[in-house]
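Worksheet: the structure to be examined is printed underneath.
The values are calculated or read from the model by the stated rules, or taken from the named source; none is laboratory data. This one's a predicted model, so the numbers in the text were calculated from it and none came from an experiment. In this analysis, Cβ positions are derived from the backbone assuming ideal geometry, glycine residues included, and neighbour counts consider all displayed protein chains. We work out accessible area using only protein heavy atoms, side chains counted, and drop any ligands, DNA or RNA first. Shrake-Rupley method; radii C 1.70, N 1.55, O 1.52, S 1.80 Å.
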Amino acid sequence: MAATSPFTLKWGIMATGWIAEMFTKDLLTNPAARDVHDVGHEVVAAASSSAKQRAADFLSMVKAPTSAKAYGSYHELVADPDIDIIYVATPHSHHFQNAMLALDAGKNVLCEKSLTVTAAQTRKLIETARVKKVFFMEAVWTRYFPLSIKVRELVQSGAIGNVYRTIADLSFNRDTADGKVDFDDSHRMVNIDLAGGALLDLGIYSLTWVFQTLYHVQPEKDKESPKVVAAMNKYHTGADETTSIIVQFPEHKSMGIALTSLRVSTDVDGHNTGGPAIRIQGSGGEIHVMGPAYRPLQFKVIKKDGGGKVEVVDCPIPKDEERDWGHGMFWEADECARCLRDGKVESETLPWSESMVIMETMDEALRQGGITYPELIMSDVFDAQSPLNTGKR
Ligand SMILES: NC(=O)C1=CN([C@@H]2O[C@H](COP(=O)(O)OP(=O)(O)OC[C@H]3O[C@@H](n4cnc5c(N)ncnc54)[C@H](OP(=O)(O)O)[C@@H]3O)[C@@H](O)[C@H]2O)C=CC1
Ligand SMILES: O=C1OC[C@@H](O)[C@H](O)[C@H]1O
(Lines give C-alpha, C1' and ligand atoms only; values in the text may rest on other atoms or scores of the structure.)
(Ligands and ions follow the chains in the order given, each with its own letter.)
Protein backbone atom coordinates (compact mmCIF):
# COMPACT_ATOMS: atom_id res chain seq x y z
CA MET A 1 0.00 0.00 0.00
CA ALA A 2 1.37 3.45 -0.95
CA ALA A 3 2.20 5.72 2.00
CA THR A 4 -0.01 8.83 2.15
CA SER A 5 1.90 12.07 1.66
CA PRO A 6 2.07 14.42 4.66
CA PHE A 7 -0.38 17.28 5.03
CA THR A 8 1.56 20.50 4.40
CA LEU A 9 0.61 23.77 6.07
CA LYS A 10 1.54 27.04 4.34
CA TRP A 11 2.68 29.74 6.73
CA GLY A 12 2.80 33.55 6.64
CA ILE A 13 5.03 35.12 9.29
CA MET A 14 3.81 38.42 10.76
CA ALA A 15 6.81 40.40 12.15
CA THR A 16 10.52 39.75 11.89
CA GLY A 17 11.79 39.95 15.49
CA TRP A 18 13.51 37.43 17.71
CA ILE A 19 10.78 34.88 18.19
CA ALA A 20 9.72 35.07 14.53
CA GLU A 21 13.27 33.96 13.72
CA MET A 22 13.23 31.05 16.21
CA PHE A 23 9.81 29.84 15.03
CA THR A 24 10.48 30.17 11.31
CA LYS A 25 13.77 28.27 11.60
CA ASP A 26 11.83 25.51 13.37
CA LEU A 27 9.22 25.47 10.58
CA LEU A 28 12.04 24.96 8.10
CA THR A 29 13.47 21.91 9.87
CA ASN A 30 12.79 18.44 8.54
CA PRO A 31 9.87 16.92 10.54
CA ALA A 32 11.50 13.50 10.23
CA ALA A 33 14.25 14.77 12.55
CA ARG A 34 11.61 14.73 15.32
CA ASP A 35 10.05 11.54 14.00
CA VAL A 36 7.03 13.34 12.54
CA HIS A 37 5.85 12.00 9.20
CA ASP A 38 2.17 12.95 8.91
CA VAL A 39 2.49 16.75 8.63
CA GLY A 40 4.93 19.30 7.20
CA HIS A 41 5.34 23.04 6.83
CA GLU A 42 6.09 25.55 4.11
CA VAL A 43 7.13 29.16 4.68
CA VAL A 44 5.24 31.07 2.00
CA ALA A 45 5.82 34.68 3.09
CA ALA A 46 6.93 37.04 5.84
CA ALA A 47 5.92 40.65 6.51
CA SER A 48 7.57 43.49 8.35
CA SER A 49 5.63 46.53 9.49
CA SER A 50 8.70 48.66 8.89
CA ALA A 51 9.95 47.77 5.40
CA LYS A 52 9.68 45.14 2.67
CA GLN A 53 13.48 44.90 2.65
CA ARG A 54 13.45 43.91 6.32
CA ALA A 55 11.12 41.03 5.49
CA ALA A 56 13.37 40.02 2.57
CA ASP A 57 16.45 40.11 4.82
CA PHE A 58 14.60 38.03 7.39
CA LEU A 59 13.68 35.36 4.83
CA SER A 60 17.24 35.06 3.61
CA MET A 61 18.62 35.02 7.17
CA VAL A 62 16.40 32.05 8.14
CA LYS A 63 17.26 30.35 4.82
CA ALA A 64 13.66 30.19 3.60
CA PRO A 65 13.06 28.96 0.06
CA THR A 66 13.68 31.66 -2.55
CA SER A 67 10.02 31.39 -3.55
CA ALA A 68 8.96 32.91 -0.20
CA LYS A 69 7.49 36.40 -0.60
CA ALA A 70 8.47 39.50 1.37
CA TYR A 71 5.85 42.08 2.30
CA GLY A 72 6.27 45.56 3.76
CA SER A 73 2.95 45.52 5.60
CA TYR A 74 0.79 43.14 7.61
CA HIS A 75 -2.21 44.03 5.40
CA GLU A 76 -0.47 42.61 2.33
CA LEU A 77 0.46 39.45 4.20
CA VAL A 78 -3.08 38.60 5.29
CA ALA A 79 -4.34 39.22 1.73
CA ASP A 80 -2.02 36.58 0.22
CA PRO A 81 -4.26 33.75 -1.04
CA ASP A 82 -1.37 31.22 -0.90
CA ILE A 83 -1.16 31.42 2.89
CA ASP A 84 -3.13 28.99 5.10
CA ILE A 85 -2.12 30.31 8.51
CA ILE A 86 -0.59 33.46 9.96
CA TYR A 87 1.89 33.32 12.85
CA VAL A 88 1.56 36.55 14.87
CA ALA A 89 4.96 37.40 16.41
CA THR A 90 4.51 41.02 17.41
CA PRO A 91 4.62 42.39 21.02
CA HIS A 92 1.65 41.59 23.32
CA SER A 93 0.26 45.08 22.81
CA HIS A 94 -0.30 44.31 19.14
CA HIS A 95 -1.71 40.78 19.30
CA PHE A 96 -5.40 41.71 19.38
CA GLN A 97 -5.34 44.09 16.42
CA ASN A 98 -2.89 41.95 14.41
CA ALA A 99 -4.70 38.66 15.00
CA MET A 100 -8.04 40.35 14.22
CA LEU A 101 -6.59 41.66 10.97
CA ALA A 102 -5.72 38.10 9.98
CA LEU A 103 -8.97 36.52 11.20
CA ASP A 104 -10.99 39.24 9.50
CA ALA A 105 -9.23 38.33 6.25
CA GLY A 106 -10.36 34.72 6.79
CA LYS A 107 -6.95 33.41 7.79
CA ASN A 108 -6.20 30.77 10.41
CA VAL A 109 -4.04 32.18 13.20
CA LEU A 110 -1.38 31.04 15.64
CA CYS A 111 -0.78 33.98 18.00
CA GLU A 112 2.16 34.37 20.36
CA LYS A 113 1.74 34.55 24.13
CA SER A 114 0.43 36.31 26.02
CA LEU A 115 -2.56 35.94 23.75
CA THR A 116 -3.82 39.47 24.36
CA VAL A 117 -3.59 42.29 26.91
CA THR A 118 -7.11 41.72 28.25
CA ALA A 119 -9.55 38.83 28.52
CA ALA A 120 -12.16 40.87 26.61
CA GLN A 121 -9.79 40.98 23.63
CA THR A 122 -9.32 37.21 23.74
CA ARG A 123 -13.10 36.74 23.87
CA LYS A 124 -13.48 38.89 20.76
CA LEU A 125 -10.83 36.93 18.88
CA ILE A 126 -12.47 33.63 19.77
CA GLU A 127 -15.90 34.92 18.71
CA THR A 128 -14.43 36.09 15.41
CA ALA A 129 -12.68 32.76 14.76
CA ARG A 130 -15.94 30.96 15.52
CA VAL A 131 -17.95 33.15 13.14
CA LYS A 132 -15.34 32.96 10.39
CA LYS A 133 -14.93 29.19 10.97
CA VAL A 134 -11.15 29.48 11.07
CA PHE A 135 -8.55 27.91 13.32
CA PHE A 136 -7.16 30.02 16.17
CA MET A 137 -4.59 29.01 18.81
CA GLU A 138 -2.41 30.60 21.47
CA ALA A 139 1.28 29.88 20.88
CA VAL A 140 2.26 28.62 24.31
CA TRP A 141 4.78 26.22 22.78
CA THR A 142 5.59 24.40 26.05
CA ARG A 143 2.14 22.76 26.08
CA TYR A 144 3.03 20.75 22.98
CA PHE A 145 6.38 19.45 24.22
CA PRO A 146 6.49 15.65 24.59
CA LEU A 147 7.65 16.43 28.15
CA SER A 148 4.40 18.29 28.91
CA ILE A 149 2.34 15.51 27.36
CA LYS A 150 4.13 12.91 29.52
CA VAL A 151 3.68 14.98 32.68
CA ARG A 152 -0.05 15.48 32.00
CA GLU A 153 -0.40 11.73 31.40
CA LEU A 154 1.34 10.97 34.69
CA VAL A 155 -0.92 13.38 36.55
CA GLN A 156 -4.03 11.92 34.92
CA SER A 157 -2.98 8.33 35.57
CA GLY A 158 -2.72 9.00 39.29
CA ALA A 159 1.01 8.20 39.32
CA ILE A 160 1.52 10.69 42.15
CA GLY A 161 -1.94 10.28 43.69
CA ASN A 162 -4.34 13.22 43.78
CA VAL A 163 -2.58 16.37 42.74
CA TYR A 164 -3.33 19.10 45.25
CA ARG A 165 -0.72 21.74 44.55
CA THR A 166 1.53 23.03 41.79
CA ILE A 167 4.21 25.61 42.46
CA ALA A 168 5.67 27.13 39.30
CA ASP A 169 8.23 29.86 38.84
CA LEU A 170 9.69 31.64 35.86
CA SER A 171 11.95 34.45 37.02
CA PHE A 172 15.02 36.10 35.52
CA ASN A 173 17.41 38.07 37.68
CA ARG A 174 17.90 41.29 35.70
CA ASP A 175 18.48 43.38 38.82
CA THR A 176 21.08 46.15 38.43
CA ALA A 177 23.09 48.10 41.00
CA ASP A 178 21.20 51.34 40.27
CA GLY A 179 17.88 49.81 41.36
CA LYS A 180 16.64 49.21 37.84
CA VAL A 181 16.53 46.06 35.73
CA ASP A 182 18.77 45.69 32.72
CA PHE A 183 16.11 46.24 30.11
CA ASP A 184 15.95 49.67 28.56
CA ASP A 185 12.69 51.41 29.51
CA SER A 186 11.62 51.16 25.86
CA HIS A 187 12.16 47.36 25.75
CA ARG A 188 8.98 45.30 25.37
CA MET A 189 9.72 43.52 28.68
CA VAL A 190 9.05 46.69 30.71
CA ASN A 191 7.51 49.16 28.26
CA ILE A 192 3.91 49.82 29.29
CA ASP A 193 2.98 50.85 25.72
CA LEU A 194 3.99 47.35 24.57
CA ALA A 195 2.12 45.67 27.47
CA GLY A 196 5.40 44.91 29.21
CA GLY A 197 5.77 43.32 32.63
CA ALA A 198 6.76 40.02 34.18
CA LEU A 199 3.27 38.54 34.23
CA LEU A 200 2.29 38.80 30.57
CA ASP A 201 5.74 37.84 29.36
CA LEU A 202 6.98 35.21 31.84
CA GLY A 203 4.21 34.57 34.38
CA ILE A 204 2.08 33.11 31.61
CA TYR A 205 4.40 30.08 31.67
CA SER A 206 4.05 29.64 35.44
CA LEU A 207 0.29 29.80 34.92
CA THR A 208 0.58 27.32 32.05
CA TRP A 209 2.05 24.77 34.46
CA VAL A 210 -0.62 25.50 37.06
CA PHE A 211 -3.42 25.15 34.52
CA GLN A 212 -2.11 22.13 32.64
CA THR A 213 -1.64 20.15 35.84
CA LEU A 214 -4.63 21.29 37.90
CA TYR A 215 -7.28 22.36 35.35
CA HIS A 216 -6.67 20.86 31.92
CA VAL A 217 -6.51 17.34 33.31
CA GLN A 218 -9.95 17.59 34.92
CA PRO A 219 -12.94 16.09 33.04
CA GLU A 220 -14.87 18.82 31.19
CA LYS A 221 -17.89 18.59 33.49
CA ASP A 222 -15.71 19.10 36.59
CA LYS A 223 -13.78 22.13 35.35
CA GLU A 224 -13.90 24.84 37.94
CA SER A 225 -13.22 28.57 37.50
CA PRO A 226 -10.44 29.52 39.89
CA LYS A 227 -10.36 32.06 42.68
CA VAL A 228 -7.40 34.37 42.26
CA VAL A 229 -5.30 36.22 44.84
CA ALA A 230 -2.40 38.25 43.49
CA ALA A 231 0.29 40.67 44.60
CA MET A 232 2.50 42.74 42.32
CA ASN A 233 5.49 45.02 42.74
CA LYS A 234 5.57 47.77 40.13
CA TYR A 235 8.58 48.86 38.11
CA HIS A 236 9.05 52.59 37.56
CA THR A 237 7.63 52.27 34.01
CA GLY A 238 4.30 51.11 35.52
CA ALA A 239 4.74 47.46 34.48
CA ASP A 240 4.91 44.64 37.07
CA GLU A 241 8.43 43.51 37.98
CA THR A 242 7.55 40.80 40.54
CA THR A 243 4.21 39.01 40.65
CA SER A 244 2.86 36.18 42.80
CA ILE A 245 -0.51 34.59 42.15
CA ILE A 246 -2.48 32.00 44.10
CA VAL A 247 -4.92 30.17 41.84
CA GLN A 248 -7.41 28.27 44.00
CA PHE A 249 -9.78 25.49 42.90
CA PRO A 250 -11.84 25.03 46.08
CA GLU A 251 -14.02 22.14 44.81
CA HIS A 252 -10.93 20.15 43.89
CA LYS A 253 -9.13 21.25 47.05
CA SER A 254 -6.19 22.20 44.84
CA MET A 255 -4.08 25.29 44.60
CA GLY A 256 -1.55 26.66 42.16
CA ILE A 257 1.14 29.14 43.02
CA ALA A 258 2.43 31.02 39.99
CA LEU A 259 5.52 33.14 40.49
CA THR A 260 7.47 35.46 38.25
CA SER A 261 10.06 38.18 38.72
CA LEU A 262 12.65 40.30 36.93
CA ARG A 263 14.63 40.73 40.18
CA VAL A 264 15.50 37.17 41.24
CA SER A 265 16.08 33.99 39.31
CA THR A 266 14.45 30.57 39.26
CA ASP A 267 17.83 29.15 38.36
CA VAL A 268 20.23 31.14 40.51
CA ASP A 269 23.52 29.83 39.10
CA GLY A 270 22.44 28.66 35.65
CA HIS A 271 22.99 24.99 36.62
CA ASN A 272 19.62 24.14 38.17
CA THR A 273 21.37 23.90 41.55
CA GLY A 274 18.44 25.74 43.11
CA GLY A 275 16.07 22.88 42.35
CA PRO A 276 13.07 22.47 40.10
CA ALA A 277 11.19 25.32 38.43
CA ILE A 278 7.94 23.45 38.88
CA ARG A 279 6.79 21.14 41.66
CA ILE A 280 3.61 19.17 41.04
CA GLN A 281 2.60 17.79 44.41
CA GLY A 282 0.27 14.86 44.87
CA SER A 283 -0.88 12.72 47.75
CA GLY A 284 1.41 9.92 46.55
CA GLY A 285 4.43 11.80 45.28
CA GLU A 286 5.79 14.71 43.31
CA ILE A 287 6.90 15.54 39.80
CA HIS A 288 9.73 18.03 39.58
CA VAL A 289 10.21 19.80 36.27
CA MET A 290 13.64 21.27 35.73
CA GLY A 291 13.40 24.71 34.16
CA PRO A 292 13.22 27.02 32.47
CA ALA A 293 9.44 26.69 32.61
CA TYR A 294 9.11 27.62 28.92
CA ARG A 295 11.67 25.06 27.65
CA PRO A 296 12.16 22.27 30.19
CA LEU A 297 14.31 19.32 29.20
CA GLN A 298 13.99 17.01 32.20
CA PHE A 299 11.56 15.94 34.88
CA LYS A 300 11.83 13.75 37.96
CA VAL A 301 9.25 11.52 39.59
CA ILE A 302 9.54 11.05 43.34
CA LYS A 303 7.14 8.58 44.93
CA LYS A 304 6.10 8.84 48.58
CA ASP A 305 6.80 5.13 49.02
CA GLY A 306 9.74 5.06 46.58
CA GLY A 307 12.34 4.53 49.27
CA GLY A 308 14.31 7.59 48.25
CA LYS A 309 14.60 6.55 44.60
CA VAL A 310 14.10 9.24 41.97
CA GLU A 311 13.12 8.48 38.38
CA VAL A 312 14.82 10.98 36.07
CA VAL A 313 13.34 11.46 32.60
CA ASP A 314 15.30 13.43 29.99
CA CYS A 315 13.39 14.94 27.09
CA PRO A 316 15.93 16.52 24.73
CA ILE A 317 14.81 18.70 21.85
CA PRO A 318 15.59 17.01 18.54
CA LYS A 319 17.84 18.82 16.12
CA ASP A 320 17.74 18.78 12.33
CA GLU A 321 21.44 18.12 11.73
CA GLU A 322 21.32 19.41 8.16
CA ARG A 323 20.01 22.80 9.26
CA ASP A 324 21.84 22.60 12.58
CA TRP A 325 18.63 23.71 14.29
CA GLY A 326 15.89 22.63 16.68
CA HIS A 327 14.36 25.00 19.20
CA GLY A 328 11.16 23.15 20.16
CA MET A 329 8.54 25.40 18.59
CA PHE A 330 7.89 22.90 15.78
CA TRP A 331 5.61 20.82 18.00
CA GLU A 332 3.04 23.60 18.28
CA ALA A 333 3.29 24.10 14.51
CA ASP A 334 2.65 20.37 14.03
CA GLU A 335 -0.43 20.71 16.25
CA CYS A 336 -1.76 23.52 14.01
CA ALA A 337 -1.19 21.36 10.91
CA ARG A 338 -2.97 18.34 12.41
CA CYS A 339 -5.93 20.46 13.57
CA LEU A 340 -6.31 22.03 10.13
CA ARG A 341 -5.89 18.69 8.39
CA ASP A 342 -8.65 17.30 10.61
CA GLY A 343 -10.98 20.29 10.13
CA LYS A 344 -10.70 21.56 13.72
CA VAL A 345 -10.92 25.25 14.61
CA GLU A 346 -9.32 24.84 18.04
CA SER A 347 -6.75 22.58 19.65
CA GLU A 348 -7.75 20.13 22.37
CA THR A 349 -4.37 20.65 24.01
CA LEU A 350 -5.12 24.32 24.59
CA PRO A 351 -8.82 24.88 23.91
CA TRP A 352 -10.29 28.36 23.55
CA SER A 353 -12.08 27.98 26.89
CA GLU A 354 -8.77 27.40 28.65
CA SER A 355 -7.00 30.33 26.98
CA MET A 356 -10.00 32.36 28.12
CA VAL A 357 -9.82 31.27 31.77
CA ILE A 358 -6.06 31.92 31.86
CA MET A 359 -6.56 35.41 30.40
CA GLU A 360 -9.28 36.04 33.02
CA THR A 361 -6.83 34.96 35.72
CA MET A 362 -4.23 37.41 34.41
CA ASP A 363 -6.85 40.18 34.12
CA GLU A 364 -7.77 39.66 37.75
CA ALA A 365 -4.13 39.58 38.87
CA LEU A 366 -3.42 42.83 37.01
CA ARG A 367 -6.52 44.39 38.56
CA GLN A 368 -5.47 43.38 42.07
CA GLY A 369 -1.91 44.51 41.35
CA GLY A 370 -3.11 47.91 40.14
CA ILE A 371 -1.46 47.66 36.71
CA THR A 372 -3.16 49.44 33.83
CA TYR A 373 -2.13 49.68 30.22
CA PRO A 374 -2.90 52.49 27.74
CA GLU A 375 -6.36 52.52 26.17
CA LEU A 376 -4.97 51.99 22.65
CA ILE A 377 -3.69 48.53 23.55
CA MET A 378 -6.56 47.57 25.87
CA SER A 379 -9.30 48.35 23.37
CA ASP A 380 -11.27 45.39 22.06
CA VAL A 381 -12.60 47.31 19.08
CA PHE A 382 -11.00 46.10 15.88
CA ASP A 383 -9.51 48.83 13.72
CA ALA A 384 -7.70 47.68 10.60
CA GLN A 385 -6.07 51.11 10.40
CA SER A 386 -4.99 51.20 14.05
CA PRO A 387 -1.36 52.29 14.42
CA LEU A 388 -0.86 48.75 15.82
CA ASN A 389 -1.74 47.38 12.38
CA THR A 390 0.00 49.93 10.24
CA GLY A 391 3.44 49.87 11.82
CA LYS A 392 3.28 53.49 13.00
CA ARG A 393 5.28 53.66 16.23
N1 LIG B 1 7.31 31.55 22.66
C2 LIG B 1 8.45 32.07 23.06
O3 LIG B 1 9.37 31.40 23.47
C4 LIG B 1 8.64 33.53 23.01
C5 LIG B 1 7.58 34.33 22.72
N6 LIG B 1 7.75 35.67 22.65
C7 LIG B 1 6.58 36.49 22.35
O8 LIG B 1 6.70 36.93 21.00
C9 LIG B 1 6.29 38.26 20.88
C10 LIG B 1 7.42 39.07 20.26
O11 LIG B 1 8.57 39.00 21.08
P12 LIG B 1 10.05 39.18 20.46
O13 LIG B 1 10.16 38.50 19.18
O14 LIG B 1 10.99 38.85 21.54
O15 LIG B 1 10.06 40.75 20.23
P16 LIG B 1 10.94 41.58 19.23
O17 LIG B 1 10.95 42.97 19.74
O18 LIG B 1 12.23 40.91 18.95
O19 LIG B 1 10.11 41.53 17.87
C20 LIG B 1 8.82 42.06 17.76
C21 LIG B 1 8.55 42.40 16.30
O22 LIG B 1 7.23 42.93 16.24
C23 LIG B 1 7.15 43.92 15.24
N24 LIG B 1 6.60 45.17 15.78
C25 LIG B 1 5.52 45.80 15.30
N26 LIG B 1 5.27 46.91 15.97
C27 LIG B 1 6.21 47.01 16.93
C28 LIG B 1 6.48 47.97 17.93
N29 LIG B 1 5.73 49.06 18.09
N30 LIG B 1 7.55 47.77 18.71
C31 LIG B 1 8.32 46.67 18.57
N32 LIG B 1 8.09 45.72 17.62
C33 LIG B 1 7.06 45.90 16.80
C34 LIG B 1 8.57 44.15 14.72
O35 LIG B 1 8.68 43.44 13.49
P36 LIG B 1 8.46 44.15 12.08
O37 LIG B 1 9.19 45.46 12.14
O38 LIG B 1 9.06 43.21 11.15
O39 LIG B 1 7.00 44.34 11.87
C40 LIG B 1 9.45 43.48 15.76
O41 LIG B 1 10.62 42.96 15.18
C42 LIG B 1 5.87 38.70 22.29
O43 LIG B 1 4.48 38.57 22.37
C44 LIG B 1 6.53 37.72 23.21
O45 LIG B 1 5.80 37.48 24.38
C46 LIG B 1 8.97 36.23 22.77
C47 LIG B 1 10.07 35.48 23.07
C48 LIG B 1 9.98 34.06 23.26
O1 LIG C 1 8.34 33.58 25.93
C2 LIG C 1 9.43 33.82 26.38
O3 LIG C 1 10.25 32.79 26.66
C4 LIG C 1 11.62 32.99 26.65
C5 LIG C 1 12.00 34.28 27.33
O6 LIG C 1 13.38 34.50 27.18
C7 LIG C 1 11.25 35.42 26.72
O8 LIG C 1 11.50 36.63 27.43
C9 LIG C 1 9.78 35.18 26.77
O10 LIG C 1 9.12 36.13 26.00
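Of the residues L340, L350, L366, which is open to solvent by less than 50 Å² (accessible area, probe 1.4 Å) and assigned to a loop (DSSP other than H, G, I, E, B)?
L350
Residues of the stretch 272-296 being within 16 Å of ligand 2 (Cβ to nearest atom) and among the hydroxyl-bearing types (S, T, Y), which ones?
Across the stretch 272-296, the qualifying residue is only Y294.
If I302 satisfies every condition in (1) more than 28 Å from P65 (Cβ to Cβ); (2) part of a loop (DSSP other than H, G, I, E, B) but one, which is the exception?
Failed condition: (2).
Looking for whichever is touching a helix residue (DSSP H, G or I) at 6+ places or on another chain (Cβ under 6 Å), touching a residue at least 12 places away in the same chain (Cβ under 8 Å), closer than 30 Å to M232 by Cα and of a type in the set (V, I, T) here; the options are V151, V163. Which one fits?
Going through V151, V163 in turn, just one is touching a helix residue (DSSP H, G or I) at 6+ places or on another chain (Cβ under 6 Å), touching a residue at least 12 places away in the same chain (Cβ under 8 Å), closer than 30 Å to M232 by Cα and of a type in the set (V, I, T): V163.
Could you identify the single residue in K124, K132 that is in contact (Cβ under 8 Å) with a residue 60 or more places away in the chain and out of contact with any Ser or Thr (no Cβ under 8 Å at 6 or more places or on another chain)?
K124
Being within 16 Å of ligand 1 (Cβ to nearest atom), among the charged types (D, E, K, R) and touching a strand residue (DSSP E or B) at 6+ places or on another chain (Cβ under 6 Å): is that true of D334 here?
For D334, the condition - within 16 Å of ligand 1 (Cβ to nearest atom), among the charged types (D, E, K, R) and touching a strand residue (DSSP E or B) at 6+ places or on another chain (Cβ under 6 Å) - is met.
Of the residues that make up the stretch 189-209, is at least one outside any loop (DSSP other than H, G, I, E, B), away from ligand 2 (no atom under 16 Å from the Cβ), touching a residue at least 60 places away in the same chain (Cβ under 8 Å) and in the same structural domain as T176 (by TED's automatic domain parsing)?
Yes, that holds for at least one residue.
Tell me which residues, restricted to the stretch 307-337, are part of a loop (DSSP other than H, G, I, E, B), open to solvent by less than 40 Å² (accessible area, probe 1.4 Å) and not small (G, A, S).
Of everything in the stretch 307-337, those that are part of a loop (DSSP other than H, G, I, E, B), open to solvent by less than 40 Å² (accessible area, probe 1.4 Å) and not small (G, A, S) turn out to be C315, I317, P318, H327, M329.
Checking G106 against (1) open to solvent by 10 Å² or more (accessible area, probe 1.4 Å); (2) in a helix (DSSP H, G or I); (3) of a type outside the set (A, V, I, L, M): exactly one of these is not met. Which one?
Result: G106 fails condition (2) only.
Quick check on this structure: which one of A139, A168 is in contact with a Ser or Thr (Cβ under 7 Å, 6 or more places away or on another chain), of a type in the set (G, A, S) and buried (at least 20 other Cβ atoms within 10 Å of the Cβ)?
On inspection, the qualifying residue turns out to be A168.
Which of the residues spanning the stretch 289-299 are within 21 Å of I204 (Cβ to Cβ) and outside any loop (DSSP other than H, G, I, E, B)?
V289, M290, F299
What number of residues in the stretch 82-96 are open to solvent by less than 10 Å² (accessible area, probe 1.4 Å) and more than 16 Å from ligand 2 (Cβ to nearest atom)?
4
Mind listing whichever residues of the stretch 110-141 are within 16 Å of ligand 1 (Cβ to nearest atom) and either in contact with a Leu (Cβ under 6 Å, 6 or more places away or on another chain) or part of a loop (DSSP other than H, G, I, E, B) (or both)?
Selection gives K113, S114, L115, T116, V117, T118, T122, M137, E138, A139, V140.
In this structure, does D57 turn out to be open to solvent by 20 Å² or more (accessible area, probe 1.4 Å) and either out of contact with any helix residue (DSSP H, G or I) (no Cβ under 8 Å at 6 or more places or on another chain) or closer than 18 Å to R323 by Cβ (or both)?
Criteria met by D57.
Got at least one residue in the stretch 319-329 being modelled with pLDDT of 95 or more and basic (K, R)?
Yes, the stretch 319-329 contains at least one residue that is modelled with pLDDT of 95 or more and basic (K, R).
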